[in-house]
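The values are calculated or read from the model by the stated rules, or taken from the named source; none is laboratory data. Predicted model, so just to flag it, every value in this text is computed and none were measured. All Cβ positions, even for glycine, are placed from backbone atoms using ideal geometry, and neighbour counts span all protein chains on display.
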Amino acid sequence: MKPAIVSLEDVRLGYAAITVLDHVSLAVARGEFVALIGPNGAGKTTLLRGMLGLIPVLAGRIEYGFDRAANPPGYVPQREALDPIFPLSVFEVVLMGTYAKLSPLQRVGHAHRSLARQCLEEVGLAALAKRQFWELSGGQKQRVLIARALAAGPEVLFLDEPTAGVDHEAEQTIIDLIGRLNRDRALTAILVSHHLGHIQSLVHSVVWVDDAKATKRSIEDVRAEEGVASLFRARH
Amino acid sequence: MGDLLQILSPSFLLRDALIASVLVGVVCPLVGVYFVLRRMIFLGVALPQVSAAGIAAAFFAYQFIVGPHQQMVGNEHLLAMVGSFAFTMSATLMLALLERRGRETVEARIGTTYAVAAAATILFLAKDPHGDAQMVNLLKGDILATTSASLAWMVVSFTVIGFALLAFRKELLLVSFDRDLAIVFGKRAGLWDVVLYLMIGGVISLGVMTAGPMATFGFLVVPPVTMRMITGRMMTFMLGSAALGGATAFTGFYCAYRFDLPLGPSEVALSSGVLLVAWLAATARRAIRSRRSP
């Protein structure tokens, strides 16, 4: 068993007095590709935000197998959360990822620009560097946000519904990209999705989130349990 | 042409006022871009009004403690600046705190702030007839009363704030555009909000003291809104807004001098004219694009 990169021990997550998830204990191994699956409103995004430290842990504890200060995780938010009023080129969005390791007053240098270009190449969008971010299609925007996450040089990538609202072809491209990053870079990937669909051939484990609980199972176990597997397929 | 050469001359009588006007025109849009990007444009109306309330409160306090006062000279000027700065900073920090914790909408908070500040200004002035005359001057834009000392203070403050805005632009952009990512990266988002609001408060206090609430609001909002129609790059947006603000301030000053018009309204009218031209150009460009596309 590889060492855990993120582990939750009897964790309770929620907002103010409202508990969304309780008694969550699970570990994500280094290099693992994990999908957080469950019905709408079950708490998948809450679990992801808890793991990222974006909401306080109400009880229990979360431990990280990497230095968060030196090497922050990569985060791909839902693209609808970003405001199109910001005048940003594709390159400027990706460059933001390099800010992770820049202190105040430290300038964005040649090396950071070069890294941003590499990340953009890695997601296959180098040709669009000068385009307006908001002019891109949904799938392209999502790949730009993945490039931005990579520019932080993370050991683990958190993705919040990266394929929501994109067409079938774009969904396949995004999933293939995440799978390739997980395989070739040994990058741990934790992804929120409504259904297993295309990712079931790539993920190693599934965390089923429902009824205030989160339970982790290997993909083999999920496939073996026909009831759960059919539920995932039905949602697709 | 003769008037233009005259105002460009180093011995121009209103040289300090011209420099102060251009400085307000350059620096207000630099903080104004964050009003536009954070969709808090109405804050640009409320905060100058709060600043004016602070000045009125300072006049009232002066009259109450010391006695009747004349035009803003010496200690009175300093007192007014303290009042403006204290009120603006308090309101800015309170709004920043409530932005994260309050339950009501941002618009409701800003609207309430404006109403309270406007009422407070009138109430303070009702008990201070000398202050009333000075407030009218301020609302018109009392920039012609700029002294060498106030200009020096303004140059130093605006230079520091201008450099800080450019030096911290990556932190301010990250916190404004994707706050969650900033937190994931370990940036202290709340602290950067406070830094931004303090700079906004400082610029507004000095802007209102120098050019009045109307011109300050005009420069905070109109150049950034205009540039947003023109550019798709963040750096161009910031620097272009500052350049446009500076250019309209200078041209506004020239027009006011040449045609004997009040300065603040001249500058705002000119900025609005540029905004109208930019909007017409953007609309025409969109129409041409849509005709070309199949």
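Numbers below:
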read-out: Enumeration of residues in the range A:37-48 that are under 29 Å from A:A116 (Cα atoms) and modelled with pLDDT under 95; value: A:T45
read-out: Output for the range B:232-274, where each listed residue is more than 15 Å from B:C28 (Cβ to Cβ) and either touching a Gly at 6+ places or on another chain (Cβ under 6 Å) or among the charged types (D, E, K, R) (or both); value: B:R233, B:R258, B:D260, B:S266
read-out: Positions within the range A:133-176 being among the hydroxyl-bearing types (S, T, Y) and at pLDDT 90 or above, in sequence order; value: A:S137, A:T173
read-out: Residue count, the range A:84-100 (criterion: modelled with pLDDT of 95 or more, more than 7 Å from chain B (Cβ to nearest Cβ) and closer than 12 Å to A:E135 by Cα); value: 1
read-out: Residue among B:T216, B:T210 that is in contact with a Pro (Cβ under 6 Å, 6 or more places away or on another chain), within 16 Å of B:F85 (Cβ to Cβ) and more than 10 Å from chain A (Cβ to nearest Cβ); value: B:T216
read-out: Where a residue in the range B:152-175 is free of Cβ contacts under 8 Å to residues at least 40 places away in the same chain and its partner, wherever it lies, is in a helix (DSSP H, G or I) and of a type outside the set (A, V, I, L, M), with Cβ under 6 Å and at least six apart; value: B:K170/A:Y99; B:E171/B:W192; B:L174/A:Y99; B:V175/B:W192
read-out: Conditions (1) within 14 Å of another protein chain (Cβ to nearest Cβ); (2) over 28 Å from B:I19 (Cβ atoms); (3) touching a residue at least 60 places away in the same chain (Cβ under 8 Å): number failed by B:V184; value: (3)
read-out: Residue, nearest to the other protein chains (Cβ to nearest Cβ), within the range A:147-173, restricted to residues that are surrounded by fewer than 24 Cβ atoms within 10 Å (Cβ to Cβ) and of a type in the set (V, I, T); value: A:V166
read-out: Qualifying position, being at pLDDT 90 or above, surrounded by fewer than 21 Cβ atoms within 10 Å (Cβ to Cβ), hydrophobic (A, V, I, L, M, F, W, C) and not in a loop (DSSP other than H, G, I, E, B), among A:A229, A:A127, A:A214, A:A186; value: A:A127
read-out: Candidates A:T45, A:T19 - the one that is within 25 Å of A:I146 (Cβ to Cβ), more than 9 Å from chain B (Cβ to nearest Cβ) and among the β-branched types (V, I, T); value: A:T45
